[in-house]
Ligand code: ADP
Ligand code: MG
């Protein structure tokens, strides 16, 4: 048989390599920014159009390239950063594989302009799909500018695979954050579609963090510093009371390179043990310096994992350093004190009989009810729109849920096998029903029904009720709003504000009234009926977290996400005890929902057990 093995032509090899290096616009951003840093730039400008799909340009004032180097830089395995294998063990640069530019040039239109500071003139090169189209001597500033246009122009499948601009821009911004945090003394500017998203001067690490994540970050930072022989730790952790539901502000940098490490993350978690509620995560911005010899250098270009020689020691040092800082800055006692404040009764009440706590959210909140809630003293009456009276007529078949009698609710989904008839789920004797609702472990509401028992998860049930309510408001765009006595100014990071802007209209449809929206803060003058001022930031934090996690793509509905998120924030928690009336109200409202069976996140809201089932169990 004839020989069949051939070497792949360079442009094919490059395209294949590109598949690994360049997954999305943010990968290009990372590579270009890192090259600029390796070139010792002190000022770096990132210009992006259409989330990087149309243009990604990085301009630096670094050391530039000669004409020959400029040409060579696009060859595979062309690098100025290592010369022999030994160099791999003392890497002080970001790049070393000499793959990035070759890969990028294989799948985009690239324009490079570069000049050595010592030269009069610079060089310009244009490349399309690995082919040099033009090279000429030009007037240029010292440093390098690389523009990457029409990413994946020759790989339509990859191009189509890209997510919405919102999602891709978020990846780009994440990458920008990481690089900018790792190098606070380098000045960065970042523009998207002509508007300036970041303008970061050369500054110290604390200032950089505050610049990126917003002014409110400043007060929450606790410095961490530990200098040992094997490891230097500097940076900050967030105070425990500022812990977030999302993990969006967790950063490890090892030798100025962003990395992910579940193991080290665990060490931080261990240091915060007992200080943070479950489901919340501490923020951290930690810079670790280790001897490059002690880490595995064979880092994949797109991966951010890293291997340490002695992880256990790092774990122990990191944990104790953070614990020490939290103690030193008196964080732990402060938090304990606050907890006690929340849970302790004043001395004068010590011997009194405790009464069941009232449920604020549930009692009167029903967006479809005609009456306004009246007992909330912390709000002025505001500009309630006189629209609530029309709700019911718009919802065919849905009576004002507060008036629905249990015995009237038709439920056809829970019939026991063989009993296909649709019927009233609850026994017709309402008096009996009233007596047979009770709460189990402050989590489940148990009630009798004709065929047996129904067990309702109070949190999920309430989420369903609120979710349908908000969804209606959002679709009908007729929410009622209550004006706040004092406008509420809230600070967020630029990136968070961008996200909020995307759902601003929907938020307004639920009753939020925004007066000013600036780059890092906004002012709210009205909130939806039934939402208290203190709940606003809880709602927005949850919402940001949900938008971040529930990556919105083509069939993403902002209204749905918002309704779910608000329902989650405002629903009755497990562990909250409910009076009999409250329990009944919840049950009534649940079965007045269109979809009472499942929570907004598709989990069962209740289960039933028929008398037959019971009997079988007793056999
Ligand atoms: P690597 O960074 O792994 O060396 P790249 O493909 O990213 O590989 O870059 C190839 C080479 O091009 C680099 O080693 C460097 O010499 C040169 N280069 C790339 N970007 C710049 C820049 N912004 N300024 C100066 N030189 C650069
Ligand atoms: Mg590189």
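Every read-out reported here was derived from the displayed coordinates using simple, explicitly stated rules and does not represent laboratory data. These figures come from a predicted structure and were not determined experimentally. Reconstructed Cβ throughout: ideal geometry from the backbone, glycine too, with neighbour counts over all protein chains shown.
Over what distance in Å are the Cα centres of the range 162-241 and the range 103-147 separated?
30
Taking 0.36 nm per residue of sequence separation and subtracting the Cα-Cα distance, how much length would be gained by fully extending the chain between residue 137 and residue 161, in nm to one decimal? All intermediate terms of the calculation are to be shown ahead of the outcome.
On the way: separation 24, 0.36 × 24 = 8.64 nm, distance 3.75 nm.
Result for the pair: 4.9 nm of gain on full extension.
Could you list 227, 181 so that the one with the fewest beta carbons within 10 Å of its beta carbon is first and the one with the most is last?
On the way: 227 10, 181 22.
So the residues, fewest neighbours to most, are 227, 181.
Distance between the C-alpha centers of the range 23-58 and the range 456-532? Whole Å please.
The distance from the Cα centre of the range 23-58 to that of the range 456-532 comes to 35 Å.
Among 446, 37, 4, what is the fewest-to-most ranking by other Cβ atoms within 10 Å?
Details: 446 16, 37 20, 4 5.
Fewest-to-most ranking of 446, 37, 4: 4, 446, 37.
Please state the shape class of the range 29-74: rounded when a/c is under 1.5, otherwise prolate if a/b exceeds b/c and oblate if not, all from the C-alpha gyration tensor. The partial results should precede the final answer.
Details: a/c = 2.46, a/b = 1.48, b/c = 1.66.
Since a/c reaches 1.5 but b/c is at least a/b, the shape of the range 29-74 is classed as oblate.
Could you put 103, 515 in order, starting from the residue whose Cβ has the fewest other Cβ atoms within 10 Å?
Details: 103 27, 515 12.
By the 10 Å Cβ count, ascending, the order reads 515, 103.
Using square roots of five times the C-alpha gyration tensor eigenvalues, list the equivalent-ellipsoid semi-axes of the range 504-607 in whole Å, biggest first. Numbers along the way, then the final one.
On the way: eigenvalues 149, 67, 30 Å².
The equivalent ellipsoid of the range 504-607 has semi-axes of 27, 18, 12 Å.
Taking a quarter of the surface of the Cα convex hull of the range 10-200, what do you get in nm²?
Result: 10.6 nm².
Using a ≥ b ≥ c from the Cα gyration tensor of the range 143-199 (square roots of the eigenvalues), is it rounded, prolate or oblate, where a/c under 1.5 gives rounded and otherwise the larger of a/b and b/c decides, a/b for prolate?
Numbers: a/c = 2.15, a/b = 1.73, b/c = 1.25.
Prolate shape, in that a/c is at least 1.5 and a/b is the bigger ratio.
Treat each spin label as a single point 7 Å out from the Cα along the C-beta direction, and report the residue 6 to residue 273 distance in nm.
Calculated label separation equals 6.2 nm.
Order of 473-479, 197-203 by packing, highest average Cβ count within 10 Å first?
Values: 473-479: 18.4, 197-203: 16.3.
Ranking, from highest mean packing down: 473-479, 197-203.
Under 16 Å from a point placed 7 Å out from the Cα of residue 519 along the Cα-to-Cβ direction: which residues of the range 27-63 have their backbone N that close?
Backbone N within reach: 44-48.
With a/c under 1.5 counting as rounded, go ahead and sort the range 1-85 into rounded, prolate or oblate using the C-alpha gyration tensor (a ≥ b ≥ c being the square roots of the eigenvalues; past the cut-off, prolate if a/b is larger than b/c, else oblate). Don't jump to the answer; show the numbers that get you there.
Working: a/c = 2.76, a/b = 1.54, b/c = 1.80.
Oblate, since a/c reaches 1.5 and b/c is not below a/b.
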